[in-house]
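Worksheet for the structure shown next.
The values are calculated or read from the model by the stated rules, or taken from the named source; none is laboratory data. This structure is a prediction, so every number in the text was calculated from the model and none was measured. Don't worry about glycine lacking a Cβ; one is built from the backbone with ideal geometry, like all the others, and counts go over all protein chains shown. With ligands, DNA and RNA removed, areas are computed over all heavy atoms of the protein, side chains included. Shrake-Rupley method; radii C 1.70, N 1.55, O 1.52, S 1.80 Å.
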There are 2 protein chains.
Amino acid sequence: MKLKVADLDERTKLPSGPDAKGNSSRGSVREELHLYRRERILGVAAELFSQKGYSGASVSELAKMIGVTKPFIYYYMKNKQDILEQICIATIDLPHVVMDEVFSEDLSPADTLYKFVRRFVWVQSTNQNYVSVFFREELNLSPDVRDYVTERRKEFDERLGALLRKGVETGDFRIADVPVTVLAISGMVCWIFNWYRPEGRLTLEEISLLFADLTLNMVDARRRSDQAV
Amino acid sequence: MKLKVADLDERTKLPSGPDAKGNSSRGSVREELHLYRRERILGVAAELFSQKGYSGASVSELAKMIGVTKPFIYYYMKNKQDILEQICIATIDLPHVVMDEVFSEDLSPADTLYKFVRRFVWVQSTNQNYVSVFFREELNLSPDVRDYVTERRKEFDERLGALLRKGVETGDFRIADVPVTVLAISGMVCWIFNWYRPEGRLTLEEISLLFADLTLNMVDARRRSDQAV
(Lines give C-alpha, C1' and ligand atoms only; values in the text may rest on other atoms or scores of the structure.)
Protein backbone atom coordinates (compact mmCIF):
# COMPACT_ATOMS: atom_id res chain seq x y z
CA MET A 1 0.00 0.00 0.00
CA LYS A 2 1.33 3.37 -1.01
CA LEU A 3 0.88 6.22 1.43
CA LYS A 4 -1.09 9.15 0.15
CA VAL A 5 -0.01 11.79 2.61
CA ALA A 6 -2.14 14.34 0.82
CA ASP A 7 -5.25 12.50 2.06
CA LEU A 8 -4.65 14.08 5.41
CA ASP A 9 -4.33 17.58 4.01
CA GLU A 10 -7.97 18.45 4.35
CA ARG A 11 -7.74 18.17 8.12
CA THR A 12 -4.14 19.13 8.85
CA LYS A 13 -3.27 21.88 6.43
CA LEU A 14 -4.09 24.92 8.51
CA PRO A 15 -5.28 28.06 6.74
CA SER A 16 -2.47 30.12 5.27
CA GLY A 17 -1.93 33.61 3.87
CA PRO A 18 -3.55 35.52 0.99
CA ASP A 19 -4.55 32.41 -0.98
CA ALA A 20 -6.24 30.54 1.85
CA LYS A 21 -9.51 28.89 1.01
CA GLY A 22 -12.29 27.84 3.35
CA ASN A 23 -13.63 24.40 4.03
CA SER A 24 -17.17 23.50 3.13
CA SER A 25 -19.79 21.20 4.70
CA ARG A 26 -19.57 22.45 8.26
CA GLY A 27 -23.15 23.27 9.13
CA SER A 28 -25.12 26.34 8.08
CA VAL A 29 -23.80 28.85 5.57
CA ARG A 30 -23.65 31.42 8.36
CA GLU A 31 -21.52 29.16 10.57
CA GLU A 32 -19.34 28.24 7.62
CA LEU A 33 -18.70 31.85 6.81
CA HIS A 34 -17.89 32.65 10.42
CA LEU A 35 -15.42 29.77 10.61
CA TYR A 36 -13.92 30.62 7.25
CA ARG A 37 -13.29 34.24 8.24
CA ARG A 38 -11.82 33.22 11.59
CA GLU A 39 -9.46 30.76 9.92
CA ARG A 40 -8.52 33.28 7.28
CA ILE A 41 -7.49 35.75 10.03
CA LEU A 42 -5.41 33.04 11.74
CA GLY A 43 -3.70 32.05 8.49
CA VAL A 44 -2.66 35.57 7.60
CA ALA A 45 -1.68 36.30 11.21
CA ALA A 46 0.56 33.21 11.27
CA GLU A 47 2.30 34.55 8.18
CA LEU A 48 2.64 38.05 9.64
CA PHE A 49 3.87 36.91 13.09
CA SER A 50 6.29 34.49 11.47
CA GLN A 51 7.81 37.28 9.34
CA LYS A 52 7.87 40.13 11.86
CA GLY A 53 7.56 38.46 15.24
CA TYR A 54 4.52 38.80 17.51
CA SER A 55 5.66 41.95 19.30
CA GLY A 56 6.70 43.59 16.02
CA ALA A 57 3.30 43.04 14.37
CA SER A 58 0.07 45.00 14.85
CA VAL A 59 -3.63 44.27 14.35
CA SER A 60 -3.79 47.27 11.95
CA GLU A 61 -1.15 45.64 9.79
CA LEU A 62 -3.04 42.33 9.89
CA ALA A 63 -6.29 44.05 8.88
CA LYS A 64 -4.49 45.76 6.00
CA MET A 65 -3.03 42.44 4.80
CA ILE A 66 -6.47 40.82 4.75
CA GLY A 67 -8.08 43.93 3.28
CA VAL A 68 -10.55 44.49 6.14
CA THR A 69 -10.99 46.99 8.98
CA LYS A 70 -9.74 46.53 12.55
CA PRO A 71 -13.30 46.20 13.93
CA PHE A 72 -13.81 43.30 11.50
CA ILE A 73 -10.88 41.51 13.15
CA TYR A 74 -12.18 42.30 16.63
CA TYR A 75 -15.55 40.81 15.74
CA TYR A 76 -13.82 37.43 15.35
CA MET A 77 -10.92 37.69 17.80
CA LYS A 78 -10.68 39.24 21.26
CA ASN A 79 -7.28 40.85 20.73
CA LYS A 80 -3.78 40.27 19.35
CA GLN A 81 -2.96 37.80 22.12
CA ASP A 82 -6.12 35.82 21.38
CA ILE A 83 -4.99 35.49 17.76
CA LEU A 84 -1.56 34.23 18.87
CA GLU A 85 -3.14 31.75 21.26
CA GLN A 86 -5.51 30.35 18.63
CA ILE A 87 -2.48 29.86 16.35
CA CYS A 88 -0.60 28.02 19.10
CA ILE A 89 -3.55 25.82 20.06
CA ALA A 90 -4.09 24.82 16.40
CA THR A 91 -0.38 24.02 16.11
CA ILE A 92 -0.08 21.88 19.24
CA ASP A 93 -3.20 19.96 18.23
CA LEU A 94 -1.82 19.12 14.76
CA PRO A 95 0.35 16.07 15.55
CA HIS A 96 -2.52 14.66 17.61
CA VAL A 97 -4.76 14.64 14.54
CA VAL A 98 -2.07 12.58 12.81
CA MET A 99 -1.76 10.24 15.80
CA ASP A 100 -5.53 9.78 16.04
CA GLU A 101 -5.57 8.70 12.42
CA VAL A 102 -2.44 6.55 12.16
CA PHE A 103 -2.56 4.89 15.60
CA SER A 104 -6.11 3.65 15.05
CA GLU A 105 -5.08 1.57 12.03
CA ASP A 106 -4.23 -2.06 12.53
CA LEU A 107 -0.51 -1.92 11.68
CA SER A 108 2.63 -3.36 13.26
CA PRO A 109 4.57 -0.99 15.57
CA ALA A 110 7.22 -0.46 12.86
CA ASP A 111 4.62 0.29 10.19
CA THR A 112 2.77 2.62 12.55
CA LEU A 113 5.95 4.50 13.44
CA TYR A 114 6.97 4.75 9.80
CA LYS A 115 3.62 6.10 8.71
CA PHE A 116 3.34 8.43 11.68
CA VAL A 117 6.75 10.04 11.06
CA ARG A 118 5.97 10.53 7.38
CA ARG A 119 2.75 12.36 8.19
CA PHE A 120 4.22 14.22 11.13
CA VAL A 121 6.94 15.60 8.81
CA TRP A 122 4.22 16.51 6.35
CA VAL A 123 2.05 18.49 8.76
CA GLN A 124 4.97 20.29 10.39
CA SER A 125 6.29 21.41 7.00
CA THR A 126 3.04 22.42 5.36
CA ASN A 127 2.17 24.52 8.40
CA GLN A 128 5.60 26.11 8.78
CA ASN A 129 4.32 29.60 9.67
CA TYR A 130 2.19 28.23 12.49
CA VAL A 131 5.00 26.05 13.79
CA SER A 132 7.63 28.80 13.79
CA VAL A 133 5.27 31.21 15.57
CA PHE A 134 4.44 28.51 18.08
CA PHE A 135 8.06 27.83 18.99
CA ARG A 136 9.18 31.45 19.08
CA GLU A 137 6.31 33.04 20.94
CA GLU A 138 5.60 30.65 23.79
CA LEU A 139 6.54 33.36 26.31
CA ASN A 140 3.62 35.51 25.10
CA LEU A 141 0.92 32.98 26.02
CA SER A 142 -1.40 33.38 28.99
CA PRO A 143 -0.90 30.88 31.87
CA ASP A 144 -4.05 28.95 30.84
CA VAL A 145 -2.92 28.44 27.27
CA ARG A 146 0.61 27.62 28.43
CA ASP A 147 -0.86 24.92 30.65
CA TYR A 148 -2.88 23.57 27.73
CA VAL A 149 0.23 23.46 25.55
CA THR A 150 2.24 21.71 28.27
CA GLU A 151 -0.53 19.17 28.75
CA ARG A 152 -0.80 18.42 25.02
CA ARG A 153 2.98 18.07 24.72
CA LYS A 154 3.02 15.62 27.60
CA GLU A 155 0.17 13.70 26.00
CA PHE A 156 2.12 13.60 22.71
CA ASP A 157 5.19 12.20 24.46
CA GLU A 158 3.11 9.58 26.26
CA ARG A 159 1.32 8.42 23.11
CA LEU A 160 4.53 8.14 21.08
CA GLY A 161 6.24 6.52 24.10
CA ALA A 162 3.48 3.91 24.32
CA LEU A 163 3.99 3.02 20.64
CA LEU A 164 7.75 2.63 21.14
CA ARG A 165 7.25 0.48 24.23
CA LYS A 166 4.81 -1.71 22.35
CA GLY A 167 7.44 -2.17 19.63
CA VAL A 168 10.02 -3.15 22.23
CA GLU A 169 7.62 -5.72 23.69
CA THR A 170 6.84 -7.27 20.30
CA GLY A 171 10.54 -7.39 19.46
CA ASP A 172 10.11 -4.90 16.60
CA PHE A 173 12.32 -2.25 18.22
CA ARG A 174 15.42 -2.18 20.38
CA ILE A 175 15.47 1.03 22.42
CA ALA A 176 17.77 1.89 25.33
CA ASP A 177 15.54 4.64 26.75
CA VAL A 178 12.03 5.27 25.45
CA PRO A 179 11.42 8.85 26.75
CA VAL A 180 14.74 10.15 25.38
CA THR A 181 14.05 8.46 22.04
CA VAL A 182 10.64 10.14 21.91
CA LEU A 183 12.29 13.54 22.45
CA ALA A 184 14.95 12.77 19.84
CA ILE A 185 12.33 11.86 17.21
CA SER A 186 10.06 14.81 17.92
CA GLY A 187 13.04 17.21 18.03
CA MET A 188 14.32 15.98 14.70
CA VAL A 189 10.89 16.47 13.07
CA CYS A 190 9.84 19.72 14.80
CA TRP A 191 13.18 21.25 13.80
CA ILE A 192 12.12 21.11 10.15
CA PHE A 193 10.44 24.51 10.53
CA ASN A 194 13.96 25.91 10.85
CA TRP A 195 15.24 24.70 7.51
CA TYR A 196 12.45 23.50 5.23
CA ARG A 197 12.06 25.50 2.00
CA PRO A 198 9.31 24.45 -0.45
CA GLU A 199 11.67 25.35 -3.31
CA GLY A 200 14.53 23.24 -1.83
CA ARG A 201 16.49 20.35 -3.39
CA LEU A 202 14.13 17.62 -2.13
CA THR A 203 10.35 17.33 -2.23
CA LEU A 204 8.41 16.99 0.99
CA GLU A 205 7.62 13.43 -0.09
CA GLU A 206 11.35 12.65 -0.29
CA ILE A 207 12.13 14.32 3.03
CA SER A 208 9.32 12.44 4.77
CA LEU A 209 10.59 9.10 3.41
CA LEU A 210 14.16 9.84 4.55
CA PHE A 211 13.02 10.90 8.02
CA ALA A 212 10.84 7.80 8.41
CA ASP A 213 13.84 5.61 7.52
CA LEU A 214 16.12 7.51 9.92
CA THR A 215 13.56 6.97 12.68
CA LEU A 216 13.36 3.22 12.05
CA ASN A 217 17.17 3.16 12.22
CA MET A 218 17.08 5.02 15.54
CA VAL A 219 14.82 2.41 17.13
CA ASP A 220 16.81 -0.39 15.48
CA ALA A 221 13.64 -1.70 13.83
CA ARG A 222 13.46 -5.17 12.35
CA ARG A 223 12.64 -4.41 8.74
CA ARG A 224 9.98 -6.49 7.05
CA SER A 225 9.22 -6.90 3.38
CA ASP A 226 5.61 -5.80 3.79
CA GLN A 227 6.64 -2.68 5.60
CA ALA A 228 6.06 -0.23 2.78
CA VAL A 229 3.25 2.05 3.90
CA MET B 1 39.58 5.80 26.69
CA LYS B 2 36.79 7.36 28.72
CA LEU B 3 35.48 10.70 27.58
CA LYS B 4 35.80 13.53 30.02
CA VAL B 5 33.28 15.93 28.60
CA ALA B 6 34.00 18.33 31.43
CA ASP B 7 37.45 18.96 29.93
CA LEU B 8 35.79 21.10 27.37
CA ASP B 9 33.87 23.15 29.89
CA GLU B 10 36.51 25.82 30.29
CA ARG B 11 36.03 26.88 26.67
CA THR B 12 32.41 26.04 25.99
CA LYS B 13 30.51 26.85 29.14
CA LEU B 14 29.44 30.39 28.42
CA PRO B 15 29.04 32.79 31.33
CA SER B 16 25.74 32.41 33.15
CA GLY B 17 23.64 34.33 35.65
CA PRO B 18 24.34 35.58 39.20
CA ASP B 19 26.97 32.95 40.04
CA ALA B 20 29.09 33.38 36.89
CA LYS B 21 32.81 33.49 37.46
CA GLY B 22 35.50 34.96 35.21
CA ASN B 23 38.36 33.20 33.51
CA SER B 24 41.94 33.97 34.41
CA SER B 25 45.18 34.12 32.39
CA ARG B 26 43.95 36.29 29.55
CA GLY B 27 46.49 39.08 29.39
CA SER B 28 46.67 42.09 31.72
CA VAL B 29 44.52 42.41 34.81
CA ARG B 30 42.81 45.38 33.15
CA GLU B 31 41.91 43.36 30.02
CA GLU B 32 40.82 40.44 32.17
CA LEU B 33 38.51 42.62 34.16
CA HIS B 34 37.03 44.15 31.02
CA LEU B 35 36.39 40.74 29.51
CA TYR B 36 35.02 39.40 32.77
CA ARG B 37 32.52 42.23 33.11
CA ARG B 38 31.45 41.94 29.47
CA GLU B 39 30.86 38.20 29.85
CA ARG B 40 29.05 38.72 33.10
CA ILE B 41 26.62 41.11 31.37
CA LEU B 42 26.06 38.59 28.58
CA GLY B 43 25.45 35.74 31.02
CA VAL B 44 22.85 37.63 33.04
CA ALA B 45 21.27 39.03 29.86
CA ALA B 46 20.94 35.50 28.43
CA GLU B 47 19.08 34.51 31.58
CA LEU B 48 16.85 37.60 31.49
CA PHE B 49 16.02 37.36 27.75
CA SER B 50 15.38 33.65 28.11
CA GLN B 51 12.87 34.25 30.92
CA LYS B 52 11.09 37.36 29.65
CA GLY B 53 11.88 37.48 25.94
CA TYR B 54 14.05 40.12 24.28
CA SER B 55 11.28 42.66 23.68
CA GLY B 56 9.91 42.19 27.19
CA ALA B 57 13.25 42.89 28.89
CA SER B 58 14.95 46.25 29.51
CA VAL B 59 18.53 47.37 30.11
CA SER B 60 17.40 48.91 33.44
CA GLU B 61 16.20 45.49 34.54
CA LEU B 62 19.48 43.92 33.45
CA ALA B 63 21.49 46.53 35.37
CA LYS B 64 19.37 45.88 38.45
CA MET B 65 19.95 42.11 38.20
CA ILE B 66 23.72 42.59 38.01
CA GLY B 67 23.68 45.29 40.69
CA VAL B 68 25.19 48.04 38.52
CA THR B 69 23.98 51.25 36.85
CA LYS B 70 22.78 51.58 33.26
CA PRO B 71 25.86 53.64 32.25
CA PHE B 72 28.01 50.75 33.47
CA ILE B 73 26.25 48.48 30.97
CA TYR B 74 26.60 51.05 28.18
CA TYR B 75 30.33 51.27 28.82
CA TYR B 76 30.62 47.62 27.76
CA MET B 77 27.77 47.25 25.27
CA LYS B 78 26.40 49.61 22.63
CA ASN B 79 22.72 48.92 23.33
CA LYS B 80 20.18 46.18 24.01
CA GLN B 81 20.45 44.86 20.47
CA ASP B 82 24.24 44.67 20.75
CA ILE B 83 23.82 42.48 23.85
CA LEU B 84 21.42 40.16 22.01
CA GLU B 85 23.78 39.93 19.05
CA GLN B 86 26.80 39.08 21.21
CA ILE B 87 24.72 36.32 22.83
CA CYS B 88 23.76 34.94 19.41
CA ILE B 89 27.31 35.09 18.03
CA ALA B 90 28.66 33.24 21.09
CA THR B 91 25.92 30.61 20.67
CA ILE B 92 26.41 29.96 16.95
CA ASP B 93 30.17 29.68 17.50
CA LEU B 94 29.78 27.03 20.25
CA PRO B 95 29.41 23.85 18.15
CA HIS B 96 32.35 24.98 16.04
CA VAL B 97 34.59 24.96 19.12
CA VAL B 98 33.53 21.36 19.67
CA MET B 99 34.14 20.48 16.01
CA ASP B 100 37.58 22.14 16.01
CA GLU B 101 38.53 19.98 18.96
CA VAL B 102 36.98 16.61 18.07
CA PHE B 103 37.57 16.67 14.30
CA SER B 104 41.30 17.30 14.73
CA GLU B 105 41.79 14.05 16.65
CA ASP B 106 42.89 10.96 14.76
CA LEU B 107 39.72 8.86 15.18
CA SER B 108 37.59 6.74 12.85
CA PRO B 109 34.48 8.45 11.40
CA ALA B 110 32.23 6.50 13.81
CA ASP B 111 34.36 7.44 16.83
CA THR B 112 34.50 11.06 15.71
CA LEU B 113 30.74 11.24 15.25
CA TYR B 114 30.11 9.56 18.59
CA LYS B 115 32.43 11.91 20.46
CA PHE B 116 31.15 14.97 18.60
CA VAL B 117 27.48 14.25 19.40
CA ARG B 118 28.28 13.67 23.07
CA ARG B 119 30.02 17.03 23.34
CA PHE B 120 27.49 18.82 21.15
CA VAL B 121 24.72 17.64 23.51
CA TRP B 122 26.83 18.82 26.41
CA VAL B 123 27.43 22.37 25.15
CA GLN B 124 23.84 22.89 23.99
CA SER B 125 22.50 21.82 27.40
CA THR B 126 24.94 23.66 29.63
CA ASN B 127 24.29 26.87 27.69
CA GLN B 128 20.52 26.48 27.56
CA ASN B 129 19.72 30.18 28.17
CA TYR B 130 21.95 31.25 25.28
CA VAL B 131 20.53 28.59 22.98
CA SER B 132 16.89 29.39 23.72
CA VAL B 133 17.48 33.14 23.22
CA PHE B 134 19.31 32.37 19.98
CA PHE B 135 16.47 30.35 18.50
CA ARG B 136 13.65 32.60 19.63
CA GLU B 137 15.10 36.00 18.81
CA GLU B 138 16.62 35.55 15.37
CA LEU B 139 14.17 38.11 13.94
CA ASN B 140 15.69 40.81 16.16
CA LEU B 141 19.19 40.57 14.68
CA SER B 142 20.65 43.17 12.32
CA PRO B 143 21.20 42.02 8.70
CA ASP B 144 24.97 41.75 9.26
CA VAL B 145 24.65 39.47 12.26
CA ARG B 146 21.93 37.46 10.51
CA ASP B 147 24.33 36.92 7.62
CA TYR B 148 27.06 35.82 10.03
CA VAL B 149 24.69 33.34 11.68
CA THR B 150 23.56 31.96 8.29
CA GLU B 151 27.18 31.59 7.20
CA ARG B 152 28.18 29.76 10.41
CA ARG B 153 25.17 27.46 10.16
CA LYS B 154 26.10 26.59 6.58
CA GLU B 155 29.66 25.96 7.67
CA PHE B 156 28.40 23.67 10.45
CA ASP B 157 26.30 21.67 7.99
CA GLU B 158 29.23 21.37 5.58
CA ARG B 159 31.67 20.19 8.25
CA LEU B 160 29.29 17.60 9.67
CA GLY B 161 28.34 16.58 6.12
CA ALA B 162 32.01 16.04 5.24
CA LEU B 163 32.41 13.73 8.25
CA LEU B 164 29.34 11.72 7.26
CA ARG B 165 30.53 11.43 3.65
CA LYS B 166 33.94 10.26 4.84
CA GLY B 167 32.21 7.57 6.91
CA VAL B 168 30.23 6.45 3.87
CA GLU B 169 33.45 6.22 1.83
CA THR B 170 35.27 4.14 4.47
CA GLY B 171 32.24 1.87 4.82
CA ASP B 172 31.64 2.98 8.42
CA PHE B 173 28.23 4.50 7.66
CA ARG B 174 25.32 3.77 5.36
CA ILE B 175 23.43 6.99 4.65
CA ALA B 176 20.71 7.58 2.06
CA ASP B 177 21.07 11.37 1.98
CA VAL B 178 23.88 13.17 3.79
CA PRO B 179 22.44 16.74 3.98
CA VAL B 180 19.09 15.55 5.37
CA THR B 181 20.89 13.35 7.91
CA VAL B 182 22.97 16.36 9.01
CA LEU B 183 19.76 18.34 9.58
CA ALA B 184 18.16 15.43 11.43
CA ILE B 185 21.14 15.10 13.80
CA SER B 186 21.49 18.81 14.48
CA GLY B 187 17.73 19.20 14.94
CA MET B 188 17.60 16.36 17.44
CA VAL B 189 20.45 17.89 19.48
CA CYS B 190 19.51 21.59 19.20
CA TRP B 191 15.98 20.71 20.32
CA ILE B 192 17.34 19.79 23.74
CA PHE B 193 17.00 23.43 24.84
CA ASN B 194 13.26 22.84 24.68
CA TRP B 195 13.11 20.00 27.18
CA TYR B 196 16.35 19.64 29.15
CA ARG B 197 16.01 20.21 32.90
CA PRO B 198 19.15 19.91 35.06
CA GLU B 199 16.99 18.34 37.78
CA GLY B 200 15.48 15.79 35.36
CA ARG B 201 15.44 11.98 35.51
CA LEU B 202 18.70 11.51 33.60
CA THR B 203 22.10 13.18 33.99
CA LEU B 204 23.58 15.09 31.09
CA GLU B 205 26.18 12.32 30.85
CA GLU B 206 23.43 9.76 30.36
CA ILE B 207 21.55 11.88 27.82
CA SER B 208 24.73 12.49 25.82
CA LEU B 209 25.48 8.74 25.70
CA LEU B 210 21.94 7.92 24.56
CA PHE B 211 22.01 10.60 21.86
CA ALA B 212 25.41 9.45 20.59
CA ASP B 213 24.06 5.89 20.28
CA LEU B 214 20.89 7.08 18.53
CA THR B 215 23.06 8.99 16.04
CA LEU B 216 25.20 5.94 15.26
CA ASN B 217 21.97 4.02 14.68
CA MET B 218 20.75 6.74 12.32
CA VAL B 219 23.84 6.44 10.12
CA ASP B 220 23.74 2.64 10.40
CA ALA B 221 27.29 2.64 11.77
CA ARG B 222 29.37 -0.50 11.90
CA ARG B 223 30.04 -0.83 15.62
CA ARG B 224 33.55 -1.73 16.72
CA SER B 225 34.76 -3.06 20.05
CA ASP B 226 37.26 -0.23 20.53
CA GLN B 227 34.65 2.39 19.85
CA ALA B 228 34.19 3.58 23.41
CA VAL B 229 35.29 7.20 23.47
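Points to keep in mind about this one:
- Residue count for the range A:173-226, restricted to those that are charged (D, E, K, R) and in contact with an Asp or Glu (Cβ under 9 Å, 6 or more places away or on another chain): 6
- Here the condition is being within 13 Å of the chain's Cα centre (by Cα) and either within 12 Å of chain B (Cβ to nearest Cβ) or at pLDDT below 95 (or both); of A:VAL133, A:VAL180, A:VAL98, it holds for A:VAL133 alone.
- All told, A:TYR76 meets the bar of being closer than 18 Å to A:LEU35 by Cα and not small (Gly, Ala, Ser).
- Tally of residues being open to solvent by 30 Å² or more (accessible area, probe 1.4 Å) and either β-branched (Val, Ile, Thr) or assigned to a helix (DSSP H, G or I) (or both) across the range B:195-209: 4
- Residues (surrounded by fewer than 15 Cβ atoms within 10 Å (Cβ to Cβ) and not β-branched (Val, Ile, Thr)) located in the range A:140-164: A:SER142, A:PRO143, A:ASP144, A:ASP147, A:GLU151, A:LYS154, A:GLU155, A:GLU158, A:ALA162
- Residue within the range A:102-117 that is open to solvent by less than 20 Å² (accessible area, probe 1.4 Å), of a type in the set (A, V, I, L, M, F, W, C), in contact (Cβ under 8 Å) with a residue 24 or more places away in the chain and closer than 26 Å to B:PHE135 by Cβ present: yes
- Hey, A:PHE193 within 8 Å of chain B (Cβ to nearest Cβ), touching a residue at least 60 places away in the same chain (Cβ under 8 Å) and either aromatic (Phe, Trp, Tyr) or touching a Phe, Trp or Tyr at 6+ places or on another chain (Cβ under 9 Å) (or both) or not: no
- Qualifying residue in the range A:64-86 (condition: open to solvent by 60 Å² or more (accessible area, probe 1.4 Å), in a helix (DSSP H, G or I) and within 30 Å of A:PHE156 (Cα to Cα)): yes
- Screening the candidates A:ILE66, A:ILE92 for the property of being within 14 Å of chain B (Cβ to nearest Cβ) and out of contact with any Leu (no Cβ under 9 Å at 6 or more places or on another chain) yields one hit, A:ILE92.
- Any chance B:VAL145 is touching a helix residue (DSSP H, G or I) at 6+ places or on another chain (Cβ under 9 Å), within 14 Å of another protein chain (Cβ to nearest Cβ) and assigned to a helix (DSSP H, G or I): no
- B:MET218 meets the conditions (1) free of Cβ contacts under 8 Å to residues at least 40 places away in the same chain; (2) out of contact with any Leu (no Cβ under 8 Å at 6 or more places or on another chain); (3) open to solvent by less than 60 Å² (accessible area, probe 1.4 Å); (4) within 13 Å of another protein chain (Cβ to nearest Cβ) in every case but one. The failed one is (2).
- Condition broken by A:PHE173, with the remaining ones in (1) closer than 28 Å to B:ALA212 by Cα; (2) free of Cβ contacts under 8 Å to residues at least 24 places away in the same chain satisfied: (2)
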